[in-house]
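First comes the structure, then the notes that go with it.
The values are calculated or read from the model by the stated rules, or taken from the named source; none is laboratory data. Just so it is clear, the model here is predicted, and its values are computed rather than measured. Cβ atoms come from the backbone with ideal geometry, glycine included; neighbour counts cover every protein chain shown.
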Amino acid sequence: MIGKTPDGRAAALLFIATLVSSMIGIFAAIFYLFVNIDLSIRIAAAVMVGVAGVLSFLRHSIYYRSDQIRMGWRQEHPEFQLEVGYANLAIGIGALLAAVLGWGALACGMMLLVYGLYLLCAVCLHAWEAIHVQELRHRATRSAFDTGLFVVFLLLFAVIAFGEAGLVPGIGI
């Protein structure tokens, strides 16, 4: 990329990869929910949080200039965007470790809950933008809806994981 002006392609591809992997994670976790609940919870944590978090880190922190172009805005000091990427990486690595190392339903559920709450805050921000910022209305509305739907699945699997860990009465499958 040296000497080349960045464009939004790299970030767009990473964003598409995040969406596709998230959908695969949701469908695989739902499928295994009826076959092997432990595997279902681990898949949800590994793919919906781990893979999504690492891909989001790459998009926000490594390819931040491309991501700015993809989103239609630029800033001179991208530190905030880098921090968002680092948060995604930290949560994503935690989820991958919990799932791959078999730390159990409670650890996977916590990672699903943390990522769900983190993204719920983003949904609130995008909803506010959709209402109050005319030039962002279309993008923010779509982002609030898409991310909100993902948050529902993250929190649903967190509740299932907590039920499996015995923390939510009547939820254990």
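The residues of region 130-144 that are among the aliphatic types (A, V, I, L, M) and either in a helix (DSSP H, G or I) or surrounded by 17 or more Cβ atoms within 10 Å (Cβ to Cβ) (or both), listed by number, are 130, 131, 136, 140, 144. Screening residue 123 against (1) closer than 27 Å to residue 39 by Cβ; (2) part of a helix (DSSP H, G or I) leaves a single unmet condition, (1).
Out of 109, 85, 116, I need the residue that is in contact with a His (Cβ under 6 Å, 6 or more places away or on another chain) and either part of a helix (DSSP H, G or I) or at pLDDT below 95 (or both). Which one?
Numbers: 109 fails: in contact with a His (Cβ under 6 Å, 6 or more places away or on another chain); 116 fails: in contact with a His (Cβ under 6 Å, 6 or more places away or on another chain).
85 is the lone residue from the list that is in contact with a His (Cβ under 6 Å, 6 or more places away or on another chain) and either part of a helix (DSSP H, G or I) or at pLDDT below 95 (or both).
Residue by residue, here is whether (1) over 14 Å from the mean Cα position of the chain (by Cα); (2) surrounded by fewer than 17 Cβ atoms within 10 Å (Cβ to Cβ) holds:
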{"residue": "9", "(1), (2)": "yes, yes"}
{"residue": "17", "(1), (2)": "no, yes"}
{"residue": "32", "(1), (2)": "yes, no"}
{"residue": "38", "(1), (2)": "yes, yes"}
{"residue": "69", "(1), (2)": "yes, no"}
{"residue": "72", "(1), (2)": "yes, yes"}
{"residue": "81", "(1), (2)": "yes, no"}
{"residue": "90", "(1), (2)": "no, yes"}
{"residue": "96", "(1), (2)": "no, no"}
